[in-house]
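Worksheet for the structure shown next.
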Amino acid sequence: KALLGAIPDLLFEFDREGRIYDYRTSDPTALYTPAEFFLGKRVPEILPAEAAAVIMGAIDEADRTGRSRGHDYRLTIGGKKRSFELSIEKMKRTSADSPRFVALAHENTVRLAAQAALRQSEEKFRTLFETMAQGVVYQGMDGKIISANPAAERILGLTLDQMQGRTSTDPTWRAIHEDGTDFPGATHPAMEALRTGAAVKDVVRDVYKQQDDNYR
C-alpha cells in the first residue's frame, strides 16, 4: 500500500457496478473531489456523465476480456480541464459473481496539449507550404527528393511524382550559371549542404523548363 500510495497516478478498485472500494494516489490534486467521498460510491454517482460512461465501458470490456487499456476521459478539477488515460484489469482472486477490477488513471493533460499544439503548428506550416510563392523542395540525406510544394512544381514545370526519388545530380536536370556556363548537379546548393553540413545561400542558377523551351 505504501508503494501504491507513492505513485502520481490514480489507482482505484471497482466492482462490476463501478462501486469504489479502494484508492491510492500521492497527488491529491488529481482527485475530482475529496478522497473520502469516493469510497462506497458508484462512478456514475460522482463523475460527470461523459467521464463515467468511459470508465463504465472500460470496466465492461475488462470484465469480458480481462483487460482494458487506452481509454481517455476528461474532468474539470479546480476550474481547469484535465485529461486522464485509463487502464483497467480484472483481479484474478475474486469470485465470479462479484469480480473486482483495478484501474490506473494516468494524467496526460500536458501530453495532449503538446500534441494539439503540434497539430496546429503542422497545419499552419502545411498551409504556408502549399500557398507560398517561393518554390520549396525537400531532399533526404541521400539527396533524393521527398517532397515539393506547388510553387516548385510550377517553377520547374514538373509534378511531384516526376521529381520524387531524383537527386540534383540526375543528368536529366538542365541548369546553367548566369553567364550561360554549365551548372553541374554535384555543385547544386542542396548537394553542397549535404556534403559539408553548412548552409548555402544566395546561389543563382537557371533551370531549363521544357514547357517554355527556355531557362528560368
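Within the stretch 157-173, restricting attention to residues that are more than 34 Å from the chain's Cα centre (by Cα) and open to solvent by 60 Å² or more (accessible area, probe 1.4 Å), the residue that is modelled with the highest pLDDT is Thr169. Do we have Ser121 as closer than 30 Å to Ala151 by Cβ, at pLDDT 85 or above and either open to solvent by less than 90 Å² (accessible area, probe 1.4 Å) or basic (Lys, Arg) (or both) here? Yes. If you check Gly135, Gly180 for being of a type in the set (Gly, Ala, Ser), assigned to a loop (DSSP other than H, G, I, E, B) and more than 34 Å from the chain's Cα centre (by Cα), only one passes: Gly180. For the criterion of being surrounded by fewer than 18 Cβ atoms within 10 Å (Cβ to Cβ), at pLDDT below 90, assigned to a loop (DSSP other than H, G, I, E, B) and of a type outside the set (A, V, I, L, M, F, W, C), Gly40 passes. Selection within the stretch 193-216: residues that are open to solvent by 50 Å² or more (accessible area, probe 1.4 Å) and acidic (Asp, Glu). The member of this set that is farthest from the chain's Cα centre (by Cα) is Asp213. Among Ile20, Ile55, which is the only one that is surrounded by 15 or more Cβ atoms within 10 Å (Cβ to Cβ), modelled with pLDDT of 75 or more, under 12 Å from Leu104 (Cα atoms) and β-branched (Val, Ile, Thr)? The conditions single out Ile55.
Scanning the stretch 160-199 for residues that are closer than 16 Å to Gly140 by Cα and touching an Asp or Glu at 6+ places or on another chain (Cβ under 7 Å) yields Leu160, Gly185. Looking across the stretch 138-156, the residues that are open to solvent by 40 Å² or more (accessible area, probe 1.4 Å) and under 27 Å from the mean Cα position of the chain (by Cα) come down to Tyr138, Gln139, Met141, Asp142, Lys144, Ile146, Pro150.
Applying the set (1) under 21 Å from Pro184 (Cα atoms); (2) surrounded by 11 or more Cβ atoms within 10 Å (Cβ to Cβ) to Glu130 leaves exactly one unmet item: (1).
The values are calculated or read from the model by the stated rules, or taken from the named source; none is laboratory data. Keep in mind it's a predicted model, so treat the numbers as computed, not measured. Don't worry about glycine lacking a Cβ; one is built from the backbone with ideal geometry, like all the others, and counts go over all protein chains shown. Ligands, DNA and RNA are stripped out before the accessible areas are found, and what is left, the full protein with its side chains, is counted by its heavy atoms. Shrake-Rupley method; radii C 1.70, N 1.55, O 1.52, S 1.80 Å.
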